[in-house]
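To keep things clear, I will list the structure first and then write my remarks on it.
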């Protein structure tokens, strides 16, 4: 059983092309096997499958083909794994995934930072791009999600606006037909207090109208003094089933985050290098408590439509409109500024008000048809994005934020009367793509191919003077072949291309060229007959052109090339009441021109997580994460490797469930990144403990 837009079908309902409408005659029993039956909302729950998700169908694939049958690398992380590991956000949820370097910038309230196969990844929500630019939106709350999907490597043929590393797609919770719900209370480190609820069920006696309400409120400090991480989520949704062939869902998502920025951009001296008076503490706040803030809000409406046209064809559509705003006020120690013998240095002052207006849609015709001896699961579709990113009240004052002592900071010594904020140019991107996808089965062979054409316009709307405009047009594709052995082993080869329009200019008025790239991949997937043991492994080689990097001048960017080569392996096993995850990634990611390592990318990742449940309701979990060394821009400084430990204990009785999660069990105080030689650095996340009580009904 597989799903599309959280609507489940008893047999696969898959993508289609108009060409396939002229299918050749087939035997009656073969035709019956591919019939798309009536809608069964919420039928696919996977409650007993644990961490093994390879037999599931990722929404982000745009076709109902399970992960184990695709000749491409995909990882799915569901609610159970997120709860067991105590994930507070998306980057927490992905730390045990192969090929994924999650949390590259350590403890950071600004957002989720994820590198996939050494490259940047794009963030999507329900198959539509959710993040444009930076410092302008709320990070997606994982409590509103059913699961996370990681498409590794170029995915432009599915999403014409994706980064080369791949796609992180979040799948929202939507109504279910059965009445169920939970109330969740959490307390934890840094005076964390959180209360949440998730309730769903029928609104009408005939079950044609369903509802779901997800809500959360959080008040919390962080490991940095004077920096809070407060949050609010309100996500009601409703599903209407007018006929057995049609499902229409409407989801509203309102989120707010308030507090500050934990990334303090502290100088190398005292963090990665010896300080004038010893190490600088990870709780050091170099801003102003009455001035610094990072407050964000987002209001989003998403519409999902699924309609069965006949036994072979169906229509799927997703559309959303998002409005977000952010207000940023920050101080940080000025990069390269001297530090005197007492630990005093000057600060940079930064402020900006940003907002985005984004409208996206994806409409496709889907089908599952037989042509002679071949079975085709196909899709033909069109998607569109229209995004406007505005920035006003902008001020950047290097060395104008007053003096701070890194070892004994005192506050209130800044004169803000001299600030002269200005409006910045707005950025607009419009893109339309058409695509055709075909997953063809011929005996034990599977051949998966796709082609896509994109037209994109990128405008920089000047505050005064002429606007800057660039037009990009590109055709991309991918092709993969897999062979399914009868004992569960499926080796594969694949090739994929990417195309990513870039917002904004280089800082000197010139529009940025679109980034592009390609990937070669070879690997295998294995799942035993019982479905309780899976292995995925892959070798990959990626080349990127027109990569956007930080420029040599402040507030500027440059474009260059990059390469990434490596391998990854992931093992999942259920053995009675024991579940185990293990993964390893080894890669070499370099700048194509200089040959030096790409910044903020760990060269090796090794992780393992296990959970054991006793018959009396008691359960235990433990994990270990080895994070290899990384470097800053220009190949230095080298940030040492680190090994971290996580733990969980839980107990369920009747309708109650109690648990405790500990991340960074030994409370390692470590540096997770540095910008470059003599520049600034950031701390990784210290030990966090959360205690949870859930009442389910």
For this session: Using the number of other C-beta atoms within 10 angstrom as an exposure proxy, rank 484, 321 with the fewest first.
Result: 321, 484
Problem set entry | Sorted by Cβ density within 10 Å, fewest first, the residues 645, 135 | 645, 135
Exercise. Put a dot 7 Å past each Cα toward the Cβ at residue 528 and residue 191; how far apart are the dots in nm?
Worked result: 5.1
Problem set entry | segment 213-268 versus segment 140-208: alpha-carbon centroid distance in Å | 10
Seminar exercise, completed: Taking a ≥ b ≥ c as the square roots of the Cα gyration tensor eigenvalues, with a/c under 1.5 meaning rounded and otherwise prolate when a/b beats b/c or oblate if not, the chain comes out prolate
For this session: Would you please classify the overall shape of segment 59-193 from the alpha carbon gyration tensor, given that a ≥ b ≥ c denote the square roots of the eigenvalues, rounded means a/c under 1.5, and beyond that prolate means a/b larger than b/c while oblate covers the rest?
Result: oblate
Exercise. How do 536, 468 rank when sorted from fewest to most other Cβ atoms within 10 Å of their own Cβ?
Worked result: 468, 536
Seminar exercise, completed: Two pseudo-spin positions, 7 Å from Cα along C-beta at residue 520 and at residue 656, lie apart in nanometres by 6.0
Exercise. Cα gyration tensor of segment 48-97, axes a ≥ b ≥ c as square roots of the eigenvalues: rounded (a/c below 1.5), prolate (a/b > b/c) or oblate?
Worked result: prolate
For this session: Provide the FRET efficiency to the nearest 0.05 for the residue 219-residue 489 pair, computing r from the beta carbons and using R0 = 51 Å.
Result: 0.50
For this session: Mind giving me the FRET efficiency for residue 453 and residue 395? R0 is 56 Å, r the Cβ-Cβ distance, nearest 0.05 is fine.
Result: 0.85
Seminar exercise, completed: Label model pair residue 323, residue 346: point-to-point distance (7 angstrom along the Cα→beta-carbon line) in nm is 4.2
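From the helices alone, meaning DSSP H stretches of at least four residues, give me the mean residue ellipticity at 222 nm for the chain, per-run term -39500 (n - 2.57), in deg cm²/dmol to the nearest 500.
Working: 3 runs with 17 residues, N = 697.
So the helix-based figure for the chain works out to -500 deg cm²/dmol.
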Exercise. Which FRET efficiency value, to the nearest 0.05, do you get for residue 405 and residue 577 by plugging their Cβ-Cβ distance into 1/(1 + (r/R0)^6) with R0 = 41 Å?
Worked result: 0.15
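Values quoted throughout were computed directly from the atomic coordinates according to the rules given, and no laboratory measurement underlies them. Just so you know, these numbers come straight off a predicted model, no measurement behind them. Virtual Cβ from ideal backbone geometry, glycine too; neighbours counted across all protein chains shown.
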